[in-house]
Each structure stands twice: as structure tokens, then as C-alpha cells.
Amino acid sequence: MGRFLIGALTMEQAGAALAVTGHGSVRRWTMQLAPVNAINAEMLDAFEAALSEASADPAVAAVVLDSGLKVFSAGADATWMAQTVSRIGVQGLLTEFNATMDRFRAVCLRLRQAPFLVIAALDGHVLAGGLELAAACDLRFCGESPGLRLGVPEMDLFGCLPSGGGGAQFLARLMGPSRALEFILTAKPISPARGFEIGLVDRLCPAGQAGSAALEFAGSVADKAGRIGVSCAKQAVFGLGELPLSAAMPLDGVLHWDTMRRGNFLTGVEAFAKRFASGAAR
């Protein structure tokens, strides 16, 4: 297993935003920007570099995103916001904040469009921009830790949408429009169990075990499907799923053929045929 860092020289250095470890065809990205993994320029630098590195490596089929802190992420950097208001006023904050959020929105879109599976492993509070980040991932595994909360409090705090990272769009696609709207407007955090009920959480895990469960699942998917199989599945579900059925079906056929031609199908069917011929599959 290899280990290296995006955004720092060594894992022990203070200020390192994202530790990256290799697990075969799976990368583990661990946010560790104390105290709350704020979505700021340093964190976005780290994500942009990690996304570029993993996208350029055709062996990477899955990524698990987790946190080395007690919180997954609490969103925007509150300290920076307060300091910026003091320095240049609220209008100045608005300009600088929107520039940062434009980068955040691009990172979230890259996560969803990445040619590999991205699983958010949630073993601590997931709030505001942190929830947007989790919602942009392909799957969310969440530990049932007592007191763990998921929420978008922006409407309560600022009277605005949780859309710095496109959160309203991802939440609407996860929960359905009406349920997402209620969640955004209520602006109250919910438990992992409630998150599972409304479609925000895909798998509940014992407390503290979301990361290990996500790694196990990611490894299994990577072994079976590889980069090509995963990429085509994401395109079929997320991309074509937004098209009318009549338009999606021909493109689905193209993806299916591409998966069989370039993915693991040929070696898999060859192994299956041998087992069948020997009677193992009868």
C-alpha cells in the first residue's frame, strides 16, 4: 500500500488538507484540515490535484473519501468569513466567497463525472458545504454514531440555498424535488437513520465503520468491473438517467458494447465458460 499527500510534503505536517493512500485499484482520500475540514482554497487545491492524479491513472477504479477528524466537514471556513468581513466588508466577502464557491462547484461536478466510483464515508458530522460534498459523491456510507447529524443549515443561518457546490441539484436528484425542497427549507440536521429513509444515505454502518465498509465495497467493485466497467455504469445511471428513455436507450447500447469490448467481460466470460465446461456452473 502506497501513501503520499496532496497539498503537503509529509502526512505529519500541519495544514495538510488531504492524505491520499493507495489500496490496489482504490484510492482513499482522507480530509484532515483541522478543525472542521473547511471548504477553502487549501482544501480545493488538494481536491483538484487529487482528482487530476486519479483521473490520469487508468488503474484507479474507485475512491473512498473520508475524514481523519471527528467531523466529516462543516462547510465553508467560518473564520475566513469573519476575517474577510472585518477586512473588506460584506460586499467584498460576497465577491471572494463566490469565487471560491465557483471552484467548489467545479470540484463537485468533477467528482460526479469522474471515471471512477466515489464513495463518501461519513463517520462524523456532515454539514453545509460538507453535505454538498458528500451529495456530489456517487454513494454515501454513514456510521450510526450517536449524535451524528447531516444537514444544510444555510436557510436558518443566512436565508440562502446550500448551492455553493451545487448542493440543491445533487440533493434533488437523490431525494426527489419535493423532499429535497423540504429538507433545504427546514434547514434542520437529521440522523443517519432519517437520511437513509429519505435517500440521502445509501448504506448504514455500525458507528465508526463507514470507512472500512466503503473500502471493502470499493475494492470488490474495482476487482469485478475495473475502471471501464465503473465509468460506463456511472454514465448510464447518472448521465443517461436524465434523458428521455427514447434518447437514452441507443446510448445505453453504446455504453454496454463499450464495456464488453474494452472491460473485463472477455476474461470473465472465458473463465465462466471453462467453469461451465467442467460442470462447476451446472
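Side notes on the structure shown:
- Top-ranked residue of the stretch 41-66 - restricted to ones that are without any contact (Cβ under 8 Å) to a residue 24 or more places away in the chain and small (Gly, Ala, Ser), ranked as nearest to residue 154 (Cα to Cα): 52
- Only one entry of 241, 229 meets the criterion of being part of a helix (DSSP H, G or I), under 23 Å from residue 176 (Cα atoms) and not hydroxyl-bearing (Ser, Thr, Tyr), and that entry is 241.
- Of all residues in the stretch 209-256, those that are at pLDDT below 95, among the hydroxyl-bearing types (Ser, Thr, Tyr) and under 19 Å from the mean Cα position of the chain (by Cα) total 1.
- Answer from 69, 65 - the residue that is touching a strand residue (DSSP E or B) at 6+ places or on another chain (Cβ under 9 Å), surrounded by fewer than 23 Cβ atoms within 10 Å (Cβ to Cβ), under 27 Å from residue 191 (Cα atoms) and of a type in the set (A, V, I, L, M, F, W, C): 69
- Of all residues in the stretch 218-249 being within 14 Å of residue 264 (Cα to Cα) and among the β-branched types (Val, Ile, Thr), the one that is surrounded by the fewest Cβ atoms within 10 Å (Cβ to Cβ): 228
- Any hit, the stretch 53-63, residues being of a type in the set (Val, Ile, Thr), at pLDDT 90 or above, under 25 Å from residue 222 (Cβ atoms) and within 16 Å of the chain's Cα centre (by Cα): yes
- Listed by first and then second residue, the pairs with beta-carbon distance under 8 Å, at least 6 apart or on different chains, first residue in the stretch 67-83 and in contact (Cβ under 8 Å) with a residue 12 or more places away in the chain, second part of a strand (DSSP E or B) and acidic (Asp, Glu), are 72/66.
- Matching entry among 147, 159, 92, 124 (being of a type outside the set (A, V, I, L, M) and crowded, with 20+ Cβ neighbours inside 10 Å): 124
The values are calculated or read from the model by the stated rules, or taken from the named source; none is laboratory data. Because the structure is predicted, anything quoted here is derived from the model rather than measured. We place every Cβ from the backbone using ideal geometry, glycine too, and count neighbours over all the protein chains shown.
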